[in-house]
Every structure is written in C-alpha cells, then in structure tokens.
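Coordinate-derived values only; no laboratory data. Note that the coordinates shown come from a computational prediction; the quantities given were computed from them, not determined experimentally. Every residue, glycine among them, receives a Cβ derived from its backbone with ideal geometry; neighbour counts consider all protein chains shown.
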Amino acid sequence: MFSAALRCPAWVPESARVDCISRAPALTLGVLSASVRLMSPVIEALLVLQDRDRRLLRLRSEIEAVPAQRRLLEERAARTAAEFDTVRHRSQQIESDRKKLELEVDTLKQRISKVGAEQQQTRSNDQYKAFQHQIETSQGEIRRLEDQQLGLMEQAEAAARDVAVAQKVAAEQKAESTKHLAELVVREANLRQELTVVEADRVVQAAKVEPAALSKYQSVARKRGDSTLVGVPKGVCGGCHMQLPQHIFLTAKAQKDIPTCPNCTRLLYFSSEMD
C-alpha cells in the first residue's frame, strides 16, 4: 500500500502550488476486474499500467516542486528578518541622533560657561555686550536642540514598540519556516520512496502487457501523457469528447483490437457500463 499522507502543506500559496495532492491508491487488477466486467485482459493490464504512469507523473511533479517550496519558506523567514533589521536600525539611528544632540547641548553649555567667565573678567562695555550676545545665541541654540531631543525621544518610544513587534514576528516566522522546512524534508523523502516503489511496480505491470499493445500504448503516451487510454461512453471519445465514427466505436466494443480516436489519436476501450 502506498502512503496516503502526502498532502500539499497549507502554507504553500496558490501561486506556488503544483499538483501535490496524492490521489486514490493505485488500481489493482482485482478492483478492475470487479468494476469493469467483460473487459479483455489486455485492456485491464493497460489500465493498470496507465494508473502507474499517472502516479509517476504526479510524484515527479511533486518532487520537482519541492525546491520552489523550500525557497518560498526560506524567503519568508529572510523577509521578516530583514524587516526586523530595518526597524532595529531605525531605532538605533534615532538613539544615535539623540545622543549626538546631547553632546551638542553639552558643548554649548561649556561654551556658555567659558564665555560667562570671560564676561566677568572684561572691563569693556562693548566686549561685555558681545559676550552676552554669544551667551544668548548659545542659549537659543540649546532650546532648539532640546526641542529636537524631545521629538527624538517620542520617535524612540514608537520605534522601540515597532522593534518589539518586528522581533516577535520575525521569531515566529523563523520558527514556522523551520518547522515546515523539516516537514518538507520528510515529505520529499516519502515522495522519493514512493516513486521508487511505483517505478518498480510499473516495470512489473508493463511486463504483463502484450508487446504489441505495450508499444502502441507507449507511443501514444509520449504525446498524451496520463490520458492515453480512454473510455468511449455513448460512443464519445473520453479524451477529446468528440463523437466517434460508428465502426470505431464498434471495434472498441468488440474488444478484439484497441482502436485509436481519429481526432486525438488516444487509445480507446469499452466496458459494459459505457453502453
């Protein structure tokens, strides 16, 4: 029995999905014999072979999709980490600017202290006024810088909140991506294991088909993929859905040969419930 737990994870978006949902278990000759009565052994064998080919196509498609799914998970984690770094850098820049303003204010205060000392030493009225002007100018500059500091403090508080949120989101996304990447490793291993089993079974089933019929099937399969052998319900081709000429329908119904659709070249077969 093949694994039935190989489903496409919920985190994969529609844009990145490849048909990665496991279908029903492979048909068996016993099931075919029970559900499709009065069918020739050649047709039964070809239907089983086609089922294996369909499973192989799906498995290979799912395996090919794994690298893209892995990149998607890695990119999600990298994107949220980059967003966190951007927010953190902005917070650090705000703090750096605030400290720079503090240094400028300290420098101005030192200048005021120095000029004030010189002002007390001068005996010139004009020089005294000049010193006073320098002091007042520096005090005005200090007030301007302190207003900027207040603004930066408010920005710093908001940035700190943003950093906390971004850090939480990045951590959660990293944990989620790590979890899904681990699941993806297991899923890929299961897919490859099932692929090996189905490939081996396909060889066994192909050996059960008459060489001429197998050659005909494989020739059409190269063009039609997983829809090579189709039924003829009510005289209509199950592949292209075109009405078949009566003689082709009767040939399929007689099951003495495997006719092809004149429109799409698919192989045709008949079973009792198609009448």
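What separates the Cα centres of region 113-140 and region 162-187 is a distance of 62 Å.
How would you classify region 76-147 from its alpha-carbon gyration tensor, with a ≥ b ≥ c the square roots of the eigenvalues: rounded for a/c under 1.5, else prolate if a/b is greater than b/c, otherwise oblate? Write down the numbers at each step before the final one.
Working: a/c = 8.44, a/b = 5.01, b/c = 1.68.
The shape class here is prolate.
Hey, what number do you get for the chain at 222 nm if only DSSP H runs of n ≥ 4 count, each worth -39500 (n - 2.57), divided across all residues, to the nearest 500?
On the way: 5 runs with 194 residues, N = 275.
It lands at -26000 deg cm²/dmol.
Along region 146-158 the Karplus relation, 6.51 cos²θ - 1.76 cosθ + 1.60 evaluated at θ = phi - 60°, assigns HN-Hα couplings of 5, 4, 5, 4, 4, x, 5, 5, 5, 5, 5, 5, 5 Hz to successive residues, with x for each Gly and Pro. The length gained by stretching the chain between Arg192 and Arg111 to full extension, at 0.36 nm per residue less their Cα-Cα distance, is 21.5 nm.
Neighbours of Gln149, meaning other residues whose beta-carbon lies under 14 angstrom from its beta-carbon, give a summed charge of -4 when Lys and Arg score +1 and Asp and Glu score -1.
Once you've got the Cα coordinates, tell me which of Lys100/Lys129; Lys109/Lys129; Lys99/Lys129 are over 24 Å apart. Checking Cα-Cα distances, Lys100/Lys129; Lys99/Lys129 exceed 24 Å.
Of the trypsin sites (Lys or Arg not before Pro) in region 120-175, the ones in a loop by DSSP (not H, G, I, E or B) with at most 15 other beta carbons within 10 Å are Arg123.
Straight Cα distances below 26 angstrom link Lys208 to the lysines Lys216, Lys223, Lys253, Lys256, with same-chain residues fewer than 8 positions distant left out.
For the residues Val198, Val163, Val105, a GNM of the chain with alpha-carbon springs under 10 Å puts the largest fluctuation on Val105.
If you run the Gaussian network model on the chain, springs between alpha carbon atoms under 10 Å, then out of Gln127, Gln246, Gln139 the most flexible one is Gln127.
For the chain, calculate the relative contact order in percent as a whole number, restricting contacts to Cα pairs under 8 Å that are 6 or more residues apart. Numbers along the way, then the final one.
Values: 273 pairs, mean separation 66.3, N = 275.
Once normalised by length, the contact order is 24 percent.
Within the shell defined by Cβ-Cβ distances under 15 Å, the residues around Val232 carry a net charge of +1, with Lys and Arg each +1 and Asp and Glu each -1.
Karplus-based coupling profile of region 108-120, in residue order and whole Hz: 5, 5, 5, 5, 4, 4, 5, 5, x, 5, 5, 4, 5, with θ = phi - 60° in 6.51 cos²θ - 1.76 cosθ + 1.60 and x standing for Gly or Pro. For region 37-208, the gyration tensor built on C-alpha atoms gives a prolate shape. Its axis ratio a/c (a ≥ b ≥ c) is at least 1.5, and a/b is the larger of a/b and b/c.
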